[in-house]
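The values are calculated or read from the model by the stated rules, or taken from the named source; none is laboratory data. Owing to the predicted nature of the structure, the values given are computational and were not obtained by experimental measurement. Every residue, glycine among them, receives a Cβ derived from its backbone with ideal geometry; neighbour counts consider all protein chains shown.
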Amino acid sequence: MRELFKLGDDLGPSKIIHVYEPSIGLKGILVVDNIAAGPSIGGVRMAKDVTVEECARLARAMTLKNAAAGLPHGGGKAVLVGDPKMPRKRKEKLLRAMASSLRNVEEYIFAPDMGTDEECMAWVRDEIGRVVGLPRELGGIPLDQIGATGWGISHATDIALNYCNFSIEGARVVIQGFGAVGKHAARYLAEKGAIIVGVADSHGAVCNKHGLDLDALLELKKAGHSVAEYLGGESICGDDVIGVECDIWIPAARPDVINADNVDRLNTKLMVQGANIPVTADAERRLHEKGVLVVPDFIANAGGVICAAMEYRGASESVVFAAIEEKIRRNTGQVLEASRTQNILPRQAAVDLALKRIHKVMGFRRFNTFSTAPGFI
């Protein structure tokens with residue numbers, strides 16, 4: 001029995017649900033973490049290799065992210081076990097089945113994540129209606145299409161540069177993960193004068209110390225190709241992008257890509273975390289010791305969930321962009337200033353900020369981690 005609750009602490013999780021339908025090969029996990037502030041929002045991720053522990057860590061990251069952003073939502077995460085590049089029809093069947101199996105779990109609102117997109121959320125809407133990140137045709141704000149997370153990362157970077165000895169103009173940027181988050185982060189930072197010198201996706205990487213042609217890279221990705229096919233730079237192994245010299249390094253792919261084995265290969269001054277939990281705790285401490293400033297994931301990449309939460313309440317795209325800018329600039333500044341004045345890691349400052357807000361909300365509830373109110377959503 002003790003083993004069943006090994007992931008639990010004073011915040012949650014309130015529910016862990018395994019979903020299994022052998023007739024179509026469906027294997028899924030839903031972790032609903034602390035929902036004292038409101039129903040959880042967290043993306044549906046598709047990956048071949050996932051564990052309950054990883055899903056729980058991602059759900060906790062969403063709890064902290066939503067609290068830090070001041071949203072009336074808790075954190076959750078759903079994972080489908082499978083190849084995200086599987087045929088579209090098979091993916092649709094799995095997502096529809098997953099949504100149907102979770103029809104009555106009203107504490108969780110579906111959203112897009114790695115391996116899922118706005119069309120996937122349209123399938124969920126058709127099944128159960130409880131979803132955000134919809135296509136424009138269904139009244140949604142397609143957060144991946146407009147680059148809501150990347151927009152937030154660009155503003156977190158702006159504020160972080162106040163604590164660095166260089167400016168955005170001419171700053172060399174490496175982005176590990178050139179998907180919905182990474183490509184938009186690259187675009188917004190390039191518009192401010194940054195030079196993209198290295199990018200990687202799941203098939204390879206490319207670098208050029210003089211700068212990459214961002215438009216050409218975006219066209220490659222749009223056509224379904226890898227950045228490794230770009231001809232204007234040196235093609236390298238995807239993992240080698242870690243060692244490319246730069247001023248700003250942005251992880252925007254899978255969890256734990258930077259760990260004790262490779263952290264000393266990083267050659268950067270600033271890390272702005274675009275992915276969720278992209279760096280292990282030990283590696284993050286090592287970066288701090290080396291003088292690398294790190295903006296934690298749930299502070300820097302909150303643009304997507306801010307967009308999702310506001311879409312859920314009928315906000316317009318222009319209002320969403322303004323809110324992302326305001327919230328992320330404010331929170332990044334508060335976290336980095338607390339880190340500087342208290343001589344603590346930025347992550348500790350970020351966790352302190354989020355926990356203060358979570359515990360305040362938990363104090364309003366009869367039970368700490370879940371709601372008893374009727375019509376919770």
- Selection from region 263-306 of residues closer than 19 Å to Glu54 by Cβ and in a loop (DSSP other than H, G, I, E, B) yields Gln273, Gly274, Ala275, Asn276, Ile277, Pro278, Thr280, Pro296, Asn301
- If you go through region 41-72 one residue at a time, how many are touching a strand residue (DSSP E or B) at 6+ places or on another chain (Cβ under 6 Å), touching a residue at least 40 places away in the same chain (Cβ under 8 Å) and in a loop (DSSP other than H, G, I, E, B)? 0
- Single match in Gly38, Gly28 (criterion: outside the structural domain of Val279 (by TED's automatic domain parsing), outside any helix (DSSP H, G or I) and within 21 Å of Gly363 (Cβ to Cβ)): Gly38
- Message: Checking the conditions here, which among Glu326, Glu317 is exposed (fewer than 14 other Cβ atoms within 10 Å of the Cβ) and within 20 Å of the chain's Cα centre (by Cα)?
- Response: Glu326
- Query: Looking at region 215-233, is at least one residue touching a helix residue (DSSP H, G or I) at 6+ places or on another chain (Cβ under 9 Å) and under 26 Å from Val305 (Cα atoms)?
  - Reply: yes
- What number of residues in region 206-238 are closer than 24 Å to Val279 by Cβ and surrounded by fewer than 14 Cβ atoms within 10 Å (Cβ to Cβ)? 1
- Among (1) closer than 29 Å to Lys91 by Cα; (2) in a loop (DSSP other than H, G, I, E, B); (3) of a type outside the set (A, V, I, L, M), Gly170 falls short only on (1)
- Query: Are there any pairs with C-beta distances below 6 angstrom linking a residue in region 266-280 that is closer than 10 Å to Trp249 by Cα to a residue that is of a type in the set (Asp, Glu), with the two at least 6 apart or on different chains, and if so which?
  - Reply: Asn267/Glu245; Lys269/Asp247; Gln273/Asp297
- Message: Could you go through region 86-109 and let me know if any residue there is within 15 Å of the chain's Cα centre (by Cα) and outside any helix (DSSP H, G or I).
- Response: no
- Task: Have a look at Val279, Val244 and point out the one that is surrounded by 23 or more Cβ atoms within 10 Å (Cβ to Cβ), under 20 Å from Arg45 (Cα atoms), at pLDDT 95 or above and assigned by TED's automatic domain parsing to the domain that holds Gln176.
- Result: Val279
- Do we find a residue being over 23 Å from Ser14 (Cα atoms), assigned to a loop (DSSP other than H, G, I, E, B) and in the same structural domain as Val197 (by TED's automatic domain parsing) anywhere in region 311-323? no
- Just checking, how many residues over region 142-159 are crowded, with 24+ Cβ neighbours inside 10 Å and either touching a strand residue (DSSP E or B) at 6+ places or on another chain (Cβ under 8 Å) or assigned to a loop (DSSP other than H, G, I, E, B) (or both)? 5
